[in-house]
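Below is one structure, written out as structure tokens; comments come after it.
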Amino acid sequence: MAVKILMVCLGNICRSPLAEGILASKLPKNKFTVDSAGTGSWHIGHSPDKRSIAIAKKNNLDISQQKGRQFKTTDFDTFDYIYVMDSSNYNDVIKLAKNPEDIAKVKMILNELFPNENVDVPDPYYGTTNGFDLVYKMLDEACNNIAQKLTTKHI
Ligand code: 4NP
């Protein structure tokens with residue numbers, strides 16, 4: 001059975017769609033499934049933000065077909081690994097956990113680059129295009145480490 005990874009942010013239109021597309025591109029599709037969700041409900045059914053689609057395209061990734069959805073408690077059962085973008089996402093997700101096993105699945109994504117530092121991926125929604133470049137670079141580097149770890153562990 002495929003190993004399942006979920007990327008979580010607030011809106012599921014800026015950061016987590018990028019994280020989903022980037023990580024999926026680094027893992028073999030027959031062994032891993034990558035999805036994303038938002039803790040908020042504003043963007044259910046929406047396409048990713050145009051600026052996320054554009055920065056992905058610049059890096060040869062097509063995330064335009066993704067659709068926003070909200071994180072739900074059953075995601076703890078469906079997914080093996082849950083990566084959140086910032087500490088506020090972490091708190092919102094943990095509130096829905098049923099047991100310590102659920103909590104153990106949730107990691108701050110940039111801890112893959114800066115262990116135990118709990119650095120946030122900044123929310124680029126209200127900023128400039130520049131913010132999306134920075135977010136892309138951070139996520140790309142974090143996903144390199146995640147892909148390496150997961151392939152070593154599961155293949
Ligand atoms: P994201 O960015 O969490 O990276 O998808 C946001 C997008 C939209 C909103 C907040 C954050 N919003 O409040 O609509």
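Throughout, read-outs are computed from the coordinates displayed, never taken from laboratory work. All values reported here derive from a predicted model rather than from experimental measurement. When we count neighbours, we look across all protein chains shown, and the Cβ atoms used for this are built from the backbone with ideal geometry, even at glycine.
Observations on the model:
- Residue-span extension gain [residue 59 to residue 96] - 0.36 nm each, minus C-alpha spacing: 9.9 nm
- Note: relative contact order over segment 3-154, using C-alpha pairs below 8 Å and six or more positions apart, is 27 percent.
- Put simply, segment 3-154 fits an ellipsoid with semi-axes of 21, 18, 15 Å; these come from the alpha carbon gyration tensor as the roots of five times its eigenvalues, largest first.
- Charged neighbours of residue 11, selected by a Cβ distance under 9 Å, balance to -1 (K, R count +1; D, E count -1).
- Charge dipole (debye, nearest 20) of the chain; +1 at Cβ of Lys and Arg, -1 at Cβ of Asp and Glu: 440
- Whole-number percent relative contact order across segment 76-155, with pairs defined as alpha carbons under 8 Å at least 6 apart: 27
- Neighbour-count order for 69, 15, 51, fewest beta carbons within 10 angstrom listed first: 69, 51, 15
- For a straight C-alpha distance cut-off of 28 angstrom, the lysines reachable from residue 105 (same-chain residues fewer than eight places away being disregarded) are 4, 26, 29, 31, 67, 72, 95, 137, 149, 153.
- Placing a pseudo-label 7 Å from each Cα along the Cα-to-Cβ vector at residue 129 and residue 113 gives an inter-label distance of 2.1 nm.
- Label-reachable residues, segment 128-155, where backbone N falls under 14 Å from a point 7 Å from residue 30's Cα toward its Cβ: 155
- Per-residue packing, averaged as other Cβ atoms within 10 Å, sorts the ranges 28-40, 142-154 into the order 28-40, 142-154, beginning with the highest.
- Take 90-97, 125-132 and order them by the average number of nearby Cβ atoms within 10 Å per residue, most first; the result is 90-97, 125-132.
- Nonlocal amide H pairs with residue 36, under 5 Å, H built at 1.01 Å: 7
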